[in-house]
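Peer 1: The structure follows.
The values are calculated or read from the model by the stated rules, or taken from the named source; none is laboratory data. Here the structure is a predicted model, which is why all the values come from computation and not from measurement. Cβ sites come from the backbone with ideal geometry, for glycine too, and all protein chains shown count toward neighbours.
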Amino acid sequence: MSERTTNSSLSDGSGHTHRRLFLHAAGVPAYFGLNALLSALLTLVIIVQMFSLSLLIAEAFTTREWPGQHLFFLLAGSILMRSLLVWLRERFSRRQSVRLRSTLRQDAFQKVLSLGPQYAGTEQTGGIVGLLTEGVEKLEDYYTHYIPALVHIVILPPLVILFVFYLDWPSGLILLVTGPVIVFFMWLIGTYAKKISQDQWESMNSLGAGFLDAIQGLKTLKLLGVSQEETHRIASSSNRFREMTMRMLTVAFLSGMVLELAASISIAMVAVQVGIRLIEGMMGFQPGLFMLLLAPEFYLPFRALGQHHHAGMEGSAAASELFRLMDQANEGPSAGQPPKIGQTPASILCEGLQYTYPGQDEPAVRNLDCALPAGSLTAIVGPTGSGKTTFTRLLMGYLRAGEGQIRVNGDPLRVSDYETWRGHIAYVSQHPWFFDGSVMDNLLTARPGAEKEEVEEAARRAGAHQFILQMSHGYDTPLTNNASSLSGGERQRLAVARALLRKGAVLILDEPTSSLDPETERYLGEVIRRTKGKHTCIVIAHRLNTVRHADNILVFNKGQIAESGSHDELIRVQGIYHDFLSRQAWKYKSKGQ
Amino acid sequence: MTGRLITYLKVHKGKSLLAILLACGTVLAGMGLMGFSGHLISRAAERPMLVDLFMITAAVRFFGISRAVVRYFERLVSHDLTFRILLHIRTSFYRQLNRFSHKWMMSKKPGELLTAMISDIESLQNAYLRIIAPVIVSFLICCITFVLLLLFDGWLAFAVLLFFLLNGLLVPFLALKRARGGGVKERRARGKMKGFLVEKIQGMHDALWLEGRERLIHQMETIQEQLDEVQRHHANSSGMVEGLNQLLANLAALVALLLIIPLVLGGQIQATMLAALVLGVLSSFEALQALSSAFVHYDGFRASANSLHQLTKAGEPPAGPKQPAVKPLGDHPHLAFRQVSFSYDTTRQTLRDVSFELPPGSRTAILGPTGSGKTTLLNLLTGLWPAGSGQVCADGHSIDELDMTSYRELLAVLSQDTFIFNRTVRENLLMARPGASDGELEDALNEVGLSFLAGKLDWSVGSQGMKLSGGERQLFAMARALLKRSRIWLFDELSANMDVATERKILDTLWSKLHDRTLVMISHRLVDMDRMDQILVLRDGKVAERGSHQTLLESNEHYARMLQHQMQLIQDKV
């Protein structure tokens, strides 16, 4: 993808990603507050636990007598408290993590809807789906463990250091020095590993999208006889993924090792230092033991962060993709009145529309001016790639015109109006899509709550009623996998039925005759003629059969309207339309007679 | 499930063993570090000579360093192992998928398959790291700790063992019980979400005007809530497990302390060992931490494993003497339909008693209205679906007896739903002729009139070729067919989505390239019919008429009527 951000700029932006993820977490009240509170309480309980444990051992060790009972109770109490706090903390962070991910996913989904089919078509579907599912799930550990570990590291070590300084400053000094050193190492290695992690995420995501392709295209692969090769392709891409990930982990785990090492050595330092001072008689056994017991607890948050560091990186890598999606601009002008659209046919006026697909130099349509009066039938003809479909996508609001505007009933259509606008459109696209559900369910999406008679009437008008009744369960026959069990012509007719049911102010048909046989085609021309006046009707046809009765014919050529007028007018002009028509007539004549 | 996973582990025996040894080493080093540290300061408190402590301080340092290093390698080895297992499962799954009939594939949603392939397989890869390894490591550490403590005191050893068992068996049991059914539910919710997203994103151009943003968002929220509910339940289980882990480890240390104090007071155990033993016991429970939390997810692993298994089992080709007797076939066989009947489901007979011959070099057109069975003919001819009754033959052999891959190599098929992959132009074309030079690819593109792609072989054509227009995709598929060195061309609705001028051009290309190839053209339009050797008109799954253009015109039946319809459409206008 040409606009894909390069890796280097992504890793530069990863601090930014973390900031946005933090801000998102801060959106949930008490996420940070409660985490901090639980951390602080945990710290206090740990200090009490270790202090009582050291007292117990020390008394037994030095006095060789049973220590006081109250110490056992204190220890048991603190153990209970500690377990309870750990329980609460885990439960709380996990539940919040669920909530945070869920809102993030909803935001991203809404964004994808706003960006529209054009974006979904250029990005790999599997990629977007992967991002919204696995991608968001990658943040599970980020919010469950990584951020709480960060909070913990801010709370526990300072509290413990304060306490240790108060009791025994030389030990406190060791903690004070080693703590920041560990953080420094962590940062050093982390910044390097982050870049690799970004690469890995992208490779994994494209791996997922490749799978969807490989599965959906299995039939084509089989017919081409290369489905075996595809297995090798999957194996080699999985292997590449493994090698890449292992390369990253070698570094990522190194940071974990440095942390562990620093923590272990520090604990050993505390132990040896305490031991020497014990020999010298400079400190008592109990304070020494207490230092030794507390030291591992002091380094535990660092080790925990080291363990979750990987999760943090993975999360932020996935999130930066997610934010890249969320940052796609799709805003347009939003000033002015919303157009008034009702049940009656709407008038449409296009003024200087221009659109260029991303990554293309030439605009697909330019300087498009046309008026589609309410209730009129407009036919659009022109060669492949002349901008006809782009024009309907602009009308649908699936593409946002770079320049110019569309007026509906006199008022300009704003981005915020598209949703309502589409509610008044009946649309038959080049590739009609059918959703999982019965035939009836699919038809009803066009107008929820329509009566059975109305649905059947629409199906009859579209010439779909007959074949629907022949299906195993009639209108209740389930359609799956984009209705792949239907033939091309049946799909087309079902799509027309769906559009007729909508009873929209506008009817847009994009190549409705592309895979219909002459009989159905003729029948459909009838349907369009009969609906004339009920909708503002726009028909794109590669064949000229259905356009004869149009009030106005727009002839597209190279992104512009080359000619317009009624059939008779255009014939008289003897321009492109005439050319087109005579060629078609010649074609059929040549083999007909 | 475990059985199948262990099969995968067996392939990587050495690595698995190493990973487990390293994991045990990590825990043992931790026990050593804490134990010797406790011992060190206890000894130091007795104020001996500094040299007497030399061995102990060295041990403390040794264990401190080795814990970090061993842990590093343990993580590397076990992750590498995980990925190798992953690769194994993935490819064997796809290979299986490849063997399945097209019929079975059609009944599955691609979204569902993708969930299976990615999520389930990924979940299974974790099963090793999260379940199998922790179980073995816990068991080993438990044994080692028990034996070590036996050296000091039997009661002590049994008491700690009891806590080990509580933590290693009871907590996982509780976790398992709480999570029961959760894994299946979570899987279902995830699958549903994925299916929903695949469908609504691929079909967004229709979803947006039909259902509208608000309804889509609402549907998504409902699905999300189902997933959230399961995950919240998991959150509670995980919290419980973590808390209990913490509680049992610390209680074990407390009980150990209670048991050791009398022994120290009685002189059976040296006083310096008191701190060492308590700290050692506390550290040994590190082995169990991973174990119990794994069982929160056990149900999920099992659900994934089961569904993968079911998916592959369900699609298994029917058992029987399916070993294809590889019949020798020339590169240009004589194809034939012999009394073929077929139905996709029980209620609708799609083809009835269809017979025809396709001699080498013949040109056949198959005509008929929508739904008359034209495309089904193609599906049977290419062996995607097995014939219901009757035979599809190549050189007299039923194609069921042939090796499908080499049979299909003889065919160049252009179907209505030819899939264009989200890869580069080159990769898409190379599928048809692996190893073709760039020049050959460019020639093919030029011939079909896609010269603008010839200079852009590295250009990616977008998801399902969506960066191309409908007509261009058709031309692209034609380029693929031209590239394939096949003597039999099967074209289904070649000129759909094309304007008249392009259709003329592509047909001219076709005729000029055809030479002595066999051509089967399925169409609903009557174009260039006079160049066909035979024309079959299908109606309601039966061959209603057959003959040449001339004879069919003369008989003045279906074909003549179709032609008349088509002419009328033109005459209406001109």
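Peer 1: What residue, among those in the range A:373-386 that are touching a Phe, Trp or Tyr at 6+ places or on another chain (Cβ under 9 Å) and crowded, with 23+ Cβ neighbours inside 10 Å, is farthest from the other protein chains (Cβ to nearest Cβ)?
Peer 2: The qualifying residue farthest from the other protein chains (Cβ to nearest Cβ) is A:380.
Peer 1: Pick out, from the range B:425-479, the helices (runs of 4 or more DSSP H) lying fully within it that include 3 or more residues that are more than 18 Å from residue A:361 (Cα to Cα).
Peer 2: B:425-430, B:438-447
Peer 1: Hey, among B:157, B:235, which residue is closer than 22 Å to residue B:289 by Cβ, free of Cβ contacts under 8 Å to residues at least 60 places away in the same chain, among the aliphatic types (A, V, I, L, M) and within 11 Å of chain A (Cβ to nearest Cβ)?
Peer 2: The match here is B:235.
Peer 1: Looking at (1) within 10 Å of chain A (Cβ to nearest Cβ); (2) more than 30 Å from residue A:358 (Cβ to Cβ); (3) modelled with pLDDT of 85 or more, which one does residue B:459 not meet, given that it meets all the others?
Peer 2: (2)
Peer 1: Same structure, new question: Could you look through the range A:96-110, keep only residues that are more than 7 Å from every other protein chain (Cβ to nearest Cβ) and among the basic types (Lys, Arg), and pick out the one that is surrounded by the fewest Cβ atoms within 10 Å (Cβ to Cβ)?
Peer 2: A:99
Peer 1: Residues to consider are A:500, A:516, A:479; find the one that is at pLDDT 75 or above and within 12 Å of another protein chain (Cβ to nearest Cβ).
Peer 2: A:479
Peer 1: If a residue must be at pLDDT 80 or above and among the small types (Gly, Ala, Ser), how many such residues does the range A:203-239 contain?
Peer 2: Residues meeting the conditions: 2.
Peer 1: Do we find a residue being in contact (Cβ under 8 Å) with a residue 12 or more places away in the chain, within 10 Å of chain B (Cβ to nearest Cβ), buried (at least 22 other Cβ atoms within 10 Å of the Cβ) and within 30 Å of residue B:414 (Cβ to Cβ) anywhere in the range A:250-273?
Peer 2: no
Peer 1: Output yes when any residue across the range A:279-297 is buried (at least 16 other Cβ atoms within 10 Å of the Cβ), more than 14 Å from every other protein chain (Cβ to nearest Cβ) and of a type in the set (S, T, N, Q), and no when none is.
Peer 2: No; the residues of the range A:279-297 include none that is buried (at least 16 other Cβ atoms within 10 Å of the Cβ), more than 14 Å from every other protein chain (Cβ to nearest Cβ) and of a type in the set (S, T, N, Q).
Peer 1: Let me ask another. Could you list, in sequence order, the residues of the range A:423-465 that are closer than 18 Å to residue A:525 by Cα and not in a loop (DSSP other than H, G, I, E, B)? If you could, list the steps in order and put the result at the bottom.
Peer 2: In the first step, residues of the range A:423-465 are kept if they are closer than 18 Å to residue A:525 by Cα; the result is A:426-430, A:457-465.
Across the range A:423-465, the qualifying residues are A:426, A:427, A:428, A:457, A:458, A:459, A:460, A:461, A:465.
Peer 1: Right, something else. Can you work out which of the residues in the range B:209-244 that are of a type in the set (S, T, N, Q) and at pLDDT 90 or above is surrounded by the fewest Cβ atoms within 10 Å (Cβ to Cβ)? If you could, list the steps in order and put the result at the bottom.
Peer 2: Filtering the range B:209-244 for residues of a type in the set (S, T, N, Q) gives B:219, B:222, B:224, B:226, B:231, B:236-238.
After this cut, where a residue has to be at pLDDT 90 or above as well, the list is B:219, B:222, B:224, B:226.
Working: B:219: 14, B:222: 11, B:224: 20, B:226: 16.
So the residue we want is B:222.
Peer 1: What do you reckon, is residue B:250 under 21 Å from residue B:125 (Cβ atoms) and either of a type in the set (S, T, N, Q) or over 37 Å from the mean Cα position of the chain (by Cα) (or both)?
Peer 2: It is false that residue B:250 is under 21 Å from residue B:125 (Cβ atoms) and either of a type in the set (S, T, N, Q) or over 37 Å from the mean Cα position of the chain (by Cα) (or both).
Peer 1: Can you give me the number of residues within the range A:442-476 that are surrounded by fewer than 22 Cβ atoms within 10 Å (Cβ to Cβ) and away from chain B (no Cβ under 11 Å)?
Peer 2: 13
Peer 1: Residues A:46, A:79: which one is among the aliphatic types (A, V, I, L, M) and at the interface with another protein chain (Cβ under 10 Å from one of its Cβ atoms)?
Peer 2: None of the other options fit; the residue is A:79.
Peer 1: To continue, here is another question. Pick from B:258, B:254, B:248: which is without any contact (Cβ under 8 Å) to a residue 12 or more places away in the chain, more than 7 Å from every other protein chain (Cβ to nearest Cβ) and closer than 18 Å to residue B:284 by Cβ?
Peer 2: That would be B:258, the only listed residue that is without any contact (Cβ under 8 Å) to a residue 12 or more places away in the chain, more than 7 Å from every other protein chain (Cβ to nearest Cβ) and closer than 18 Å to residue B:284 by Cβ.
Peer 1: Can I ask one more? Hey, residue B:21 hits all of (1) in a helix (DSSP H, G or I); (2) more than 52 Å from the chain's Cα centre (by Cα) but one; which does it fall short on?
Peer 2: Failed condition: (2).
Peer 1: If you go through the range B:184-202, how many residues are small (Gly, Ala, Ser) and without any contact (Cβ under 8 Å) to a residue 24 or more places away in the chain?
Peer 2: 0
Peer 1: Quick check: anything in the range B:185-194 of a type in the set (A, V, I, L, M), at the interface with chain A (Cβ under 8 Å from one of its Cβ atoms), touching a helix residue (DSSP H, G or I) at 6+ places or on another chain (Cβ under 7 Å) and crowded, with 16+ Cβ neighbours inside 10 Å?
Peer 2: yes
Residue-wise test of (1) more than 14 Å from every other protein chain (Cβ to nearest Cβ); (2) crowded, with 22+ Cβ neighbours inside 10 Å.
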| site | (1), (2) |
| --- | --- |
| A:302 | no, yes |
| A:312 | yes, yes |
| A:329 | yes, no |
| A:349 | yes, no |
| A:360 | no, no |
| A:366 | yes, no |
| A:369 | yes, no |
| A:398 | no, yes |
| A:411 | yes, no |
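Peer 1: Shifting gears a bit: Take the conditions among the hydroxyl-bearing types (Ser, Thr, Tyr) and without any contact (Cβ under 8 Å) to a residue 12 or more places away in the chain and apply them to residue B:26. Does it pass?
Peer 2: No, not satisfied.
Peer 1: Could I ask something else about it? Which one is modelled with the lowest pLDDT among residues in the range A:528-558 that are in a helix (DSSP H, G or I) and surrounded by 19 or more Cβ atoms within 10 Å (Cβ to Cβ)?
Peer 2: Only one residue fits best here, namely A:545.
Peer 1: What residue, among those in the range B:490-512 that are hydrophobic (A, V, I, L, M, F, W, C) and farther than 26 Å from residue A:492 by Cα, is nearest to the chain's Cα centre (by Cα)? Show your work before the answer.
Peer 2: From the range B:490-512, those hydrophobic (A, V, I, L, M, F, W, C) are B:490-491, B:494, B:496, B:498, B:500-501, B:506-507, B:510-511; that's our starting set.
Among the residues that remain, those that are also farther than 26 Å from residue A:492 by Cα are: B:510-511.
Values: B:510: 38, B:511: 41 Å.
This residue is B:510.
Peer 1: In this structure, is residue B:361 within 13 Å of chain A (Cβ to nearest Cβ), over 28 Å from residue A:228 (Cβ atoms) and either of a type in the set (Gly, Ala, Ser) or free of Cβ contacts under 8 Å to residues at least 24 places away in the same chain (or both)?
Peer 2: no
Peer 1: Among the residues of the range B:422-441, write down those that are free of Cβ contacts under 8 Å to residues at least 24 places away in the same chain and buried (at least 20 other Cβ atoms within 10 Å of the Cβ). Quick ask: steps written out before the conclusion?
Peer 2: Narrowing the range B:422-441 to residues free of Cβ contacts under 8 Å to residues at least 24 places away in the same chain: B:427, B:430, B:434-435, B:437-439.
B:430 - this is the single residue of the range B:422-441 that is free of Cβ contacts under 8 Å to residues at least 24 places away in the same chain and buried (at least 20 other Cβ atoms within 10 Å of the Cβ).
Peer 1: Please indicate, with yes or no, whether at least one residue in the range A:346-356 is more than 18 Å from residue B:467 (Cα to Cα), modelled with pLDDT of 85 or more and among the aromatic types (Phe, Trp, Tyr).
Peer 2: no
Residues are listed down the side, and each one gets a yes or a no for (1) farther than 18 Å from residue B:283 by Cβ; (2) in a helix (DSSP H, G or I); (3) among the charged types (D, E, K, R):
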residue	(1), (2), (3)
B:143	no, yes, no
B:157	no, yes, no
B:163	no, yes, no
B:167	no, yes, no
B:176	yes, yes, no
B:183	yes, yes, no
B:188	yes, yes, yes
B:194	yes, yes, yes
B:199	yes, yes, yes
